[in-house]
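Colleague: I am attaching a structure below and will ask some questions about it afterwards.
The values are calculated or read from the model by the stated rules, or taken from the named source; none is laboratory data. These numbers were taken from a predicted model, which means no experiment stands behind them. When we count neighbours, we look across all protein chains shown, and the Cβ atoms used for this are built from the backbone with ideal geometry, even at glycine. When the accessible area is computed, the model is the full protein with side chains, heavy atoms only, and any ligands, DNA or RNA have been set aside. Shrake-Rupley method; radii C 1.70, N 1.55, O 1.52, S 1.80 Å.
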Amino acid sequence: MTPQTAPAQSTQPVGDVNRQTIVILDFGSQYSQLIARRIRETQVYSEILSYRTSAEQLRKLQPKGIIISGGPNSVYDSGVPHCDPEIWHLGVPVLGICYGMHLMVQQLGGEVKRAERAEYGKSSLTIDDPTDLLTNVEDGSIMWMSHGDSVVRLPEGFDILAHTQNTPCAAIADHQSKIYGVQFHPEVVHSEGGIALIRNFVYHICNCEPTWTTETFVEEAVREIRGQVGDKRVLLALSGGVDSSTLAFLLHKAIGDQLVCMFIDQGFMRKNEPERLVKLFRDQFHIPVSYVDARERFLQAVEGVVDPEEKRRLIGHEFIKVFEEESTRLGPFDYLAQGTLYPDVIESANTNIDPQTGERVAVKIKSHHNVGGLPSNLRFKLVEPLRRLFKDEVREVARNVGLPDEIVNRHPFPGPGLAIRIIGEITEERLEILRDADFILRQEINRQQLYHHFWQAFAVLLPLRSVGVMGDQRTYAYPVVLRIITSEDGMTADWARVPYDFLETVSNRIVNEVRGVNRVAYDVTSKPPATIEWE
Ligand code: XMP
């Protein structure tokens, strides 16, 4: 079998080496990030490093424990990725999951073969040794399996902790060396007792303490920001989302008025949003925001444009121009604050490092800032205090520092905003209509406490008119489409089965209260084949 490409992550951590850390060596498992999140949920810091990380590098990092991830390959094939065999002799507890377990067995003298019966999905675990790794994991627990290979001979010193009907070695241990292997995936939600197993490993085997909390994160982020930027000035473009809002809070706490927050109003935000955002930061957090009213410019930039890609391109282009002008007017700045998150860091093999200073530099602003790229003469150094966090951790920090629920749990909102929810040409009149319809939809969602049930919920305006009748009058007006969806990650989505009464209320209110609309439709298409946004 041809070996599959292994991930190109760094062997250098982004976190603080002094912190108690569980290192995950990634062999390309789809679940590596999930393992890291599960560990962090136990309040212990965890980082994903490349499988190429050597035992020597790990010795310097002094992790409290090491997890060897699963992966798409078979250990007995040639050319597949291996870990440094010295890792087993570091004296640090190790847990191998699936492929990680197979590597452990093979490198320590046991044997792995293609399983007579592959096991995919749920399997009942029979526990042979209910102590140690499997303390509090109930006999008969359902565990999630995904493997075509099995351990057929254990290395010396290993015992079986649990088995399933098809897999004699489902969990194994060398108690003395504190080396463990599991054939199933304790990190996925379908594995009952998976969290108990992870807690056993982290707390009882690796002796970690719960040191990964919002409080310690904020303290450290503030200290790091001060250390990095010194007395230099930092520019931050607020977008209204949870990442840039949390960034603003942390940076302001760290460096006060060395931070300049800018909010570019391109005119495509939802009703009242720009005003509320600026007011919130000014009044509640005492963080001044430089409000840039660019509404007219953006409207002119897209005048008469119908093609969706062209709209996005022109809006992105205009954003760069405004950004450049404003950063020059408010500057000079040494640093640009960017809301890079941990998944962005581990997934971007092509990070741009300034060869002179060794710092990450901006050649790309995140898409929520709506920019495809910055001109090369505008190379800021980056300050990225969120680079260690997963999205749910950002929300937790945001919640704990007092950002309001409307920001903490805000649905995703595209950079080009309402511009890609008005199909066809954008005019001031159409923007006004869409803003009002969208506002009513959101009001009713909040009134009926449905907000948290949806991934996104918004209105779309179609550039055509249909006939209606209101009172004795014939009308000829726009239709509005409601798009309300559920999703796990935005990659796939389903239309929400909302109550008919809810649709009726929203429809009545929009037609009665928004002048220019005489018809409301509900989009009942999933993604795929449709996308979430209409443009
Ligand atoms: P689609 O329409 O591709 O959207 O199914 C998937 C998710 O991405 C959001 N989206 C954007 N987000 N800038 C963004 O920051 C954009 O240009 C953009 N376009 C789509 C969309 O709202 C959905 O959550």
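Colleague: Do you know the relative contact order of region 158-309, to the nearest whole percent, from alpha carbon pairs under 8 angstrom that are 6+ apart?
Modeller: 12 percent
Colleague: Over region 21-205, what percent of the accessible surface lies on carbon and sulfur atoms, probe 1.4 Å? Each step should come with its number before you reach the end.
Modeller: Working: 3210 of 7260 Å².
Answer for region 21-205: carbon and sulfur cover 44 percent of the accessible area.
Colleague: What is the distance, in nm, between label points placed 7 Å from the Cα along the Cα-to-Cβ direction at D472 and at L503?
Modeller: For the pair D472/L503, the computed spacing is 3.4 nm.
Colleague: Which FRET efficiency value, to the nearest 0.05, is calculated for T211 and H82 with the Förster distance at 25 angstrom and r the Cβ-Cβ distance?
Modeller: Details: r = 32 Å, r/R0 = 1.27.
That gives a FRET efficiency of 0.20.
Colleague: Round to the nearest 0.05 the FRET efficiency obtained for D523 and Q448 when R0 = 25 Å and r is the Cβ-Cβ distance. Could the numbers behind the result be given before it?
Modeller: Working: r = 19 Å, r/R0 = 0.76.
The computed FRET efficiency comes out at 0.85.
Colleague: With no solvent and one point per C-alpha, what does the Debye sum give as log10 I(q)/I(0) for region 21-205 at q = 0.09, 0.13 Å⁻¹?
Modeller: Debye intensities relative to I(0), on a log10 scale: -0.26, -0.57.
Colleague: In addition: Tell me, what HN-Hα J-couplings in whole Hz come from the Karplus equation 6.51 cos²θ - 1.76 cosθ + 1.60 at θ = phi - 60° for each residue of region 141-152, using x for Gly and Pro?
Modeller: Each residue's phi maps through the Karplus curve to give 4, 7, 10, 8, 10, 7, 8, x, 10, 9, 6, 10 Hz.
Colleague: Using packing as a proxy for protection, rank 168-177, 145-154 so that the peptide with the highest average count of other Cβ atoms within 10 Å comes first. Numbers along the way, then the final one.
Modeller: On the way: 168-177: 20.5, 145-154: 18.5.
Result, highest mean first: 168-177, 145-154.
Colleague: Where does region 174-326 land on Rg/Rh, using Cα atoms and the Kirkwood Rh? Mind dumping the intermediate values first?
Modeller: Working: Rg = 23.4 Å, Rh = 19.8 Å.
Ratio value, two decimals: 1.18.
Colleague: So for the chain, taking the charge dipole from beta-carbon charges (+1 Lys/Arg, -1 Asp/Glu), which of H286, A55, M104 sits furthest toward the positive end?
Modeller: Positive-most Cα among the choices belongs to H286.
Colleague: For Cα pairs less than 8 Å apart in space and 6+ apart in sequence, what is the mean separation divided by the residue count of the chain, i.e. the relative contact order in percent? Don't skip to the answer; put the middle values down first.
Modeller: On the way: 1032 pairs, mean separation 52.1, N = 535.
Relative contact order comes out at 10 percent.
Colleague: Please name which of I225, L330, P308 has its Cα lying farthest along the dipole of region 185-335 towards the positive end, using unit charges on Cβ (Lys, Arg +1; Asp, Glu -1) and the Cα centre as origin.
Modeller: Looking along the dipole axis, the top candidate is L330.
Colleague: Would you give the gap between the C-alpha center of region 481-500 and the C-alpha center of region 403-445, rounded to a whole Å?
Modeller: Using only Cα atoms, the two centres lie 16 Å from each other.
Colleague: Per DSSP H run of at least 4 residues, take -39500 (n - 2.57); add these up for the chain, divide by its residues and hand me the 222 nm value, nearest 500 deg cm²/dmol. Before the final figure, lay out the partial values.
Modeller: Working: 14 runs with 153 residues, N = 535.
About -8500 deg cm²/dmol.
Colleague: When the dipole is taken about the Cα centre of the chain, and only Lys, Arg (+1) and Asp, Glu (-1) are charged at their Cβ, what size is it in debye, to the nearest 20? Mind showing how you got there, number by number?
Modeller: Details: 56 positive and 72 negative charges, 182 e Å.
Using only the charged Cβ atoms, the result is roughly 880 debye.
Colleague: Same structure again: With equal scatterers on the alpha carbons only and no solvent term, can you work out the Debye log10 of I(q)/I(0) for region 420-522 at 0.19 1/Å?
Modeller: For region 420-522 at q = 0.19 Å⁻¹, log10 I(q)/I(0) is -0.94.
Colleague: Give me the angle, in degrees from 0 to 90, between the Cα long axis of helix 500-513 and the longest principal axis of the Cα atoms of the chain, rounded to the nearest 10.
Modeller: 30 degrees
Colleague: I've got another one for you. If you take the beta carbon distance between D159 and R117 as r and set R0 to 25 Å, what does 1/(1 + (r/R0)^6) give as a FRET efficiency, to the nearest 0.05?
Modeller: Values: r = 23 Å, r/R0 = 0.94.
With R0 = 25 Å, the Cβ-Cβ based efficiency is 0.60.
Colleague: Give me the distance in nm between label points sitting 7 Å out from Cα along the Cα-to-Cβ direction at L464 and S290, one decimal.
Modeller: Computed distance between label sites L464 and S290 equals 4.6 nm.
Colleague: Right, next: Taking H as built 1.01 Å from N, whose amide H comes closer than 5 Å to the amide H of V383, not counting residues under 5 places away?
Modeller: L336, A337, Q338
Colleague: Here's something else I'd like to know. Tell me the Kirkwood hydrodynamic radius of the chain in angstroms, computed as one over the mean inverse distance between distinct C-alpha pairs. Walk me through the numbers on the way to the answer.
Modeller: Numbers: mean 1/r = 0.0385 Å⁻¹.
Final number for the Kirkwood radius of the chain is 26.0 Å.
Colleague: Moving on to the next point. Report, in listed order, any pair from K311/K527; K279/K311; K391/K527 with a Cα-Cα distance greater than 27 Å.
Modeller: On the way: K311/K527 22 Å; K279/K311 30 Å; K391/K527 22 Å.
Violating the 27 Å limit, Cα to Cα: K279/K311.
Colleague: List the relative contact order of region 21-205 as a percent without decimals, with contacts defined as Cα pairs under 8 Å and 6+ residues apart.
Modeller: Worked out over region 21-205, it gives 21 percent.
Colleague: Given a 1.4 angstrom probe, what's the average accessible area per residue across the chain, in square angstrom?
Modeller: On the way: 24050 Å² over 535 residues.
In whole numbers, the chain has 45 Å² accessible per residue.
Colleague: Taking 0.36 nm per intervening residue step and subtracting the Cα-Cα distance, what contour gain separates Q12 from S124 on full extension?
Modeller: Details: separation 112, 0.36 × 112 = 40.32 nm, distance 3.81 nm.
Contour length minus the Cα-Cα distance gives 36.5 nm.
Colleague: Using alpha carbons only, how many degrees (0 to 90, rounded to 10) separate the axis of helix 428-447 from the longest principal axis of the chain?
Modeller: 50 degrees
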